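The structure under discussion appears below in the form of structure tokens.
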Amino acid sequence: MRAPTRRDVLKAAAAAAAGTVVGAGSYGYLRERHRLVTTLANLPIRGLSPALAGLRIGLVSDLHHSLHVPASLVRDAVDRLLDQRCDLIAIGGDLVTWRDRRFTGPVAELLAALEAPLGVFAVLGNHDDETAMPAALRARGIEVLKDARTRLPARGEALHLAGLRYWTRSFRQAPALAARPGDGGISILLAHDPRMLAPASAAGYHAVLSGHTHGGQVVLPGVGALAARRFPVVAGAASQNGTSIFVTRGVGTVFAPVRLNCPPEVAVLTLVPAASAD
């Protein structure tokens with residue numbers, strides 16, 4: 001038997017790499033995109049009152065209900081949040097893909113089961129149209145915040161929840177949200193795009209809840225999430241100048257029905273004083 005040449009070695013390496021890519025892609029298509037998890041995390045809030053410590057916010061985003069994201073996966077996300085008995089539920093946008101109205105009513109109907117003592121609130125993402133989607137959600141008891149803020153009486157304290165349209169790129173376009181109220185409560189911004197962290201921090205918000213990135217959707221070992229590098233936070237918790245942010249990986253997929261090293265999630269965030277955050 002002849003000794004392998006350099007060309008033989010390179011061909012074998014290329015074949016092994018191709019096999020790895022194909023295998024990973026198959027796993028991402030067949031398994032991981034359906035492997036929904038519940039993420040429990042702390043959301044540090046500066047100056048949090050003892051009354052609000054421990055309050056729990058459920059966050060679900062980027063459902064992308066479509067031919068590639070079945071009702072069963074959306075229903076699983078809803079059931080997981082209900083099991084957690086959250087005080088408040090926030091929906092971060094992109095409920096369908098490419099404004100496909102075939103799924104607008106169905107996804108709203110699936111989300112109608114959500115309930116929480118302080119309410120269920122949503123913002124729109126870049127894949128949601130601005131007429132049919134908010135109408136479908138409101139018809140099912142879900143309040144849609146379009147560059148608007150609501151004051152929630154929570155445990156005797158004020159919790160101000162603001163919601164920003166994806167297409168509103170600065171607070172100059174939404175002057176009502178440009179500064180947090182001065183009543184001693186806490187202010188949380190629900191914004192589909194995590195790039196709103198910097199203006200939210202400058203405006204004095206305590207926290208931002210976002211999605212949009214899908215956590216990168218495909219995260220390569222040693223390389224990371226190439227598709228989401230333009231965002232200040234790709235997934236999970238971070239902070240900037242005293243403002244906390246949590247970016248959820250979301251539930252569905254877009255462009256390609258594949259996830260790799262990035263399982264879909266719903267998140268349950270517990271408010272904690274910033275000094276005692278893990």
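Segment residue 169..residue 36, full-extension length gain: 44.8 nm, with 0.36 nm per residue of separation and the alpha-carbon distance subtracted.
Note on segment 80-176: with charges restricted to the Cβ of Lys and Arg (+1) and Asp and Glu (-1), its dipole about the Cα centre is near 240 debye.
In loop segments of segment 167-263 as defined by DSSP, the trypsin sites (Lys or Arg not before Pro) with at most 13 further C-beta atoms inside 10 Å of their C-beta are 229, 230. The protection proxy used here, the mean number of other Cβ atoms lying within 10 Å of each residue, ranks peptides 175-185, 67-77 as follows, highest first: 67-77, 175-185. Where Lys and Arg each count +1 and Asp and Glu each count -1, what net charge lies around residue 70 among other residues with Cβ under 13 Å from its Cβ? Overall, the nearby charge balance is +1. Based on Cα atoms of the chain, Rg over Rh with Rh as the Kirkwood radius reads 1.05. Calculated mean residue ellipticity, 222 nm, the chain: -6500 deg cm²/dmol, from DSSP H runs (n ≥ 4) at -39500 (n - 2.57) each, averaged per residue and rounded to 500. Provide the per-residue ³J(HN,Hα) series for segment 206-212, in order, calculated from phi with Karplus coefficients 6.51, -1.76, 1.60 and θ = phi - 60°, each as a whole number of Hz, with x at glycine and proline positions. Taking θ as phi minus 60°, the curve returns 7, 7, 10, 10, 9, x, 6 Hz for segment 206-212.
Given R₀ = 51 Å, FRET efficiency for residue 275-residue 220 by Cβ-Cβ distance, to 0.05? It would help to have the intermediate numbers written out before the result.
Numbers: r = 36 Å, r/R0 = 0.71.
According to the calculation, E is roughly 0.90.
Seen through its C-alpha gyration tensor, with square-root eigenvalues sorted a ≥ b ≥ c, segment 157-220 comes out prolate because a/c lies at 1.5 or above while a/b is bigger than b/c. For the chain, hydrophobic long helices are taken as DSSP H runs at least 30 Å long by C-alpha position along their axis with mean Kyte-Doolittle hydropathy of 0.0 or more; these are 6-30. Remark: the residue 126-residue 53 segment gains 23.0 nm on full extension, using 0.36 nm per residue and subtracting the alpha carbon distance.
Where a number appears in this text, it was derived from the coordinates with a stated rule and is not lab data. Quick caveat: nothing in here was measured; it's all calculated off a predicted structure. Quick reminder, even Gly has a Cβ in these numbers, built from the backbone with ideal geometry, and neighbours come from all protein chains shown.
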